[in-house]
Amino acid sequence: MIYEYVFQLVDVLLLLALFIDAPWAITGSSHCQRGNPAEIRPHSVTITEFGAVGDGVTLNTKAFQNAIFYLNSFADKGGAKLFVPAGQWLTGSFDLISHLTLWLDKDAIILGSTNSDDWPVIDPLPSYGRGRELPGRRHKSLIFGRNLTDVVITGDNGTIDGQGSIWWSWFRNETLNYTRPHLVELMNTTGVAISNLTFLNSPFWTIHPVYCSQVIVQNVTILAPLDSPNTDGIDPDSSDDVCIEDCYISTGDDIIAIKSGWDEYGTSYGRPSKNITIHRLVGQTTSAGIAIGSEMSGGVSEVYAENLTFYNSTTGIRIKTSPGRGGYVRNIYISNMSLTDVKTAIRFTGRYGEHPDESYDPKALPLIERITIDDVTGQNIKYAGLLEGIEGDTFLDICLSNINLSVTSKSPWNCSYIQGYSEAVSPEICEPLRERIIPDHYSSCYYPSHPLQSSSNETVGLDCHGKFMDA
């Protein structure tokens, strides 16, 4: 229920207000570039025009579906906006369309139905080969879209609440027949902008752009209980040109997890995640602040993350992979990270396990190379790093620099099957990384020359009225 998170939201606001002058505060110039604000959606309707009732009890799935069906007639006329006013709007899954802005008023709350029948079952993703939790199909997300262009989900800090606790109970009790749904999933979509909203209690991963290009997630708050299962915050999956900025996330799994398919299915589908920018991110989790993997078989590259603050968490940065994954993780740059009360600052796991079926190739080894982590401070950290590669598949050119951690363990580093370099690391780095970066190995480390520019040399843009555009 939304009310059980009122105090948590207050805590978040107090935290940000207290530290507003701190270098990690969520404020500053945008790296998710916005375009010319001259044009707005020429057509707009309100959900109440289609019979919706915002009493938190009436099921409004048909109203959302009918409204969007009506607005589809304007897709080739400049697009349209669906306005959701103040109220509690209970609904099952509904599909978006191209050139649509879904706009939530300040006191608007979209509530996910607690009846699983209101979340239809759809085919698994081809890059996964099955549901992520169970063989076979999966439930559709609450807000879903496929093969779209120019989709905006925004508002005046309205709320989308998945009411996921019933799903978490079904998961724990092993009574699910299909994999749990995400809160928002967009597939094969170009031009996605999600901003100025609060997302609560996702049944599974919260925001999941998969097979997407030109994605902005900006100025959102994502909350779920720290003990809620697999409630990742934002999971770019086989997607490119993604910009995530100015977000506060507190969930029961990875704050951000970058993925690209699972074992032989991800390798066969062959769509990598690349050109991912993460800027000014604050959060806490029982897992990792930023994770790559473990599903990374299509490849992950050109990831740039800076100005990160994680506290009360299990891990700061984590790369997860396994024999059988294949694929690669390379050209990763993470800078300016502050950690407080975090168990492990940096963790690489080469034998994460978990395979979709018995058809994976155990000889398909991942290539992990050119990972640079720079400018990290930490207080009350148990382990500086647990860096575990794979025997016969050493992780290469791992570069750590300007790292200063206050560590409680007498064995701060544990490294195996790792090769790389370091500069100005405290406590003293493990033996495989003791060669200095400067002067001989700077070129072996990854330092992006233009980290915030997309591969297509276009600016990922969104005008102030919520219309996606290229500048």
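Within the set of pairs 6+ apart or on separate chains, which have a first residue in region 228-240 that is of a type in the set (D, E, K, R), a second that is modelled with pLDDT under 95 and open to solvent by 10 Å² or more (accessible area, probe 1.4 Å), and C-beta atoms under 7 Å apart?
Within 7 Å, the pairs are Asp240/Ser455.
Here is a check on your reading of the model: is Tyr352 at pLDDT 95 or above, in a loop (DSSP other than H, G, I, E, B), touching a Phe, Trp or Tyr at 6+ places or on another chain (Cβ under 9 Å) and open to solvent by 20 Å² or more (accessible area, probe 1.4 Å)?
When the stated conditions are applied, Tyr352 does not pass them.
In region 260-276, what count of residues is obtained for those that are part of a strand (DSSP E or B) and open to solvent by 10 Å² or more (accessible area, probe 1.4 Å)?
2
Hey, does region 114-124 have a residue that's part of a strand (DSSP E or B) and surrounded by fewer than 24 Cβ atoms within 10 Å (Cβ to Cβ)?
Scanning region 114-124, I find at least one residue that is part of a strand (DSSP E or B) and surrounded by fewer than 24 Cβ atoms within 10 Å (Cβ to Cβ), so the answer is yes.
Looking at region 197-205, can you tell me whether even one residue there is surrounded by fewer than 24 Cβ atoms within 10 Å (Cβ to Cβ) and in contact (Cβ under 8 Å) with a residue 40 or more places away in the chain?
Taking every residue of region 197-205 in turn, at least one turns out to be surrounded by fewer than 24 Cβ atoms within 10 Å (Cβ to Cβ) and in contact (Cβ under 8 Å) with a residue 40 or more places away in the chain.
I need the full set of residues from region 364-387 which are within 14 Å of Thr321 (Cβ to Cβ) and over 24 Å from the mean Cα position of the chain (by Cα), in order please.
Matches in region 364-387: Ala364, Leu365.
Cβ-Cβ below 6 Å, separation at least six or inter-chain, first residue in region 70-83 and in contact (Cβ under 8 Å) with a residue 12 or more places away in the chain and on the phi > 0 side of the Ramachandran plot, second open to solvent by 30 Å² or more (accessible area, probe 1.4 Å) and assigned to a loop (DSSP other than H, G, I, E, B): which pairs?
Short answer, once both residue conditions are applied: Gly78/Pro42; Gly79/His99.
Quick check, is Asp232 open to solvent by 10 Å² or more (accessible area, probe 1.4 Å), under 13 Å from the mean Cα position of the chain (by Cα), closer than 25 Å to Pro323 by Cα and charged (D, E, K, R)?
Values: open to solvent by 10 Å² or more (accessible area, probe 1.4 Å): no; under 13 Å from the mean Cα position of the chain (by Cα): yes; closer than 25 Å to Pro323 by Cα: yes; charged (D, E, K, R): yes.
Here the answer is no, as Asp232 does not meet what is asked.
Contact list please: Cβ distance under 9 Å, first residue in region 349-375 and over 13 Å from Phe395 (Cβ atoms), second residue in a loop (DSSP other than H, G, I, E, B) and of a type in the set (Asp, Glu), pairs at least six apart or on different chains.
Glu354/Glu295
Could you tell me which residue of region 183-196 is farthest from Ser238 (Cα to Cα), considering only residues that are of a type in the set (S, T, N, Q) and open to solvent by less than 10 Å² (accessible area, probe 1.4 Å)?
This residue is Ser195.
Filter region 388-433 down to residues that are out of contact with any Gly (no Cβ under 6 Å at 6 or more places or on another chain) and either part of a strand (DSSP E or B) or within 18 Å of Ser444 (Cβ to Cβ) (or both), then give me how many there are.
If we filter region 388-433 for residues that are out of contact with any Gly (no Cβ under 6 Å at 6 or more places or on another chain), which is where we start, we get 391-394, 396, 400-404, 406-412, 414-416, 419-432.
Subset that is either part of a strand (DSSP E or B) or within 18 Å of Ser444 (Cβ to Cβ) (or both): 393-394, 396, 400-404, 406-407, 414-416, 419-426, 429-432.
Summing the residues that are out of contact with any Gly (no Cβ under 6 Å at 6 or more places or on another chain) and either part of a strand (DSSP E or B) or within 18 Å of Ser444 (Cβ to Cβ) (or both) in region 388-433 gives 25.
Which pairs do you get when a residue that is farther than 17 Å from Asp341 by Cβ, found in region 308-324, comes within reach of a residue that is crowded, with 24+ Cβ neighbours inside 10 Å and among the acidic types (Asp, Glu), reach meaning Cβ atoms under 9 angstrom, with the pair 6+ apart or on two chains?
Sorted first by the residue in region 308-324, then by its partner, the pairs are Lys320/Glu295; Ser322/Asp263; Gly324/Asp263.
With respect to the numbered conditions (1) open to solvent by 10 Å² or more (accessible area, probe 1.4 Å); (2) under 19 Å from Asn331 (Cα atoms); (3) more than 15 Å from the chain's Cα centre (by Cα), which one is the sole condition not fulfilled by Gly299?
Only one criterion in (1) open to solvent by 10 Å² or more (accessible area, probe 1.4 Å); (2) under 19 Å from Asn331 (Cα atoms); (3) more than 15 Å from the chain's Cα centre (by Cα) is unmet by Gly299, namely (1).
How many residues does region 301-329 contain that are part of a strand (DSSP E or B) and over 18 Å from Glu388 (Cβ atoms)?
Of the residues in that region, 13 qualify.
Can you find, within region 22-65, the residue that is modelled with the lowest pLDDT among those that are open to solvent by 60 Å² or more (accessible area, probe 1.4 Å) and of a type in the set (Gly, Ala, Ser)?
For region 22-65, the residue satisfying everything is Ala38.
The values are calculated or read from the model by the stated rules, or taken from the named source; none is laboratory data. Treat the numbers as computed from the prediction; the structure is a model and nothing was measured. So basically every Cβ, Gly included, is an ideal-geometry build from the backbone, and we count neighbours across all protein chains shown. Calculation scope for accessible area: heavy atoms of the full protein, side chains included, ligands and nucleic acids excluded. Shrake-Rupley method; radii C 1.70, N 1.55, O 1.52, S 1.80 Å.
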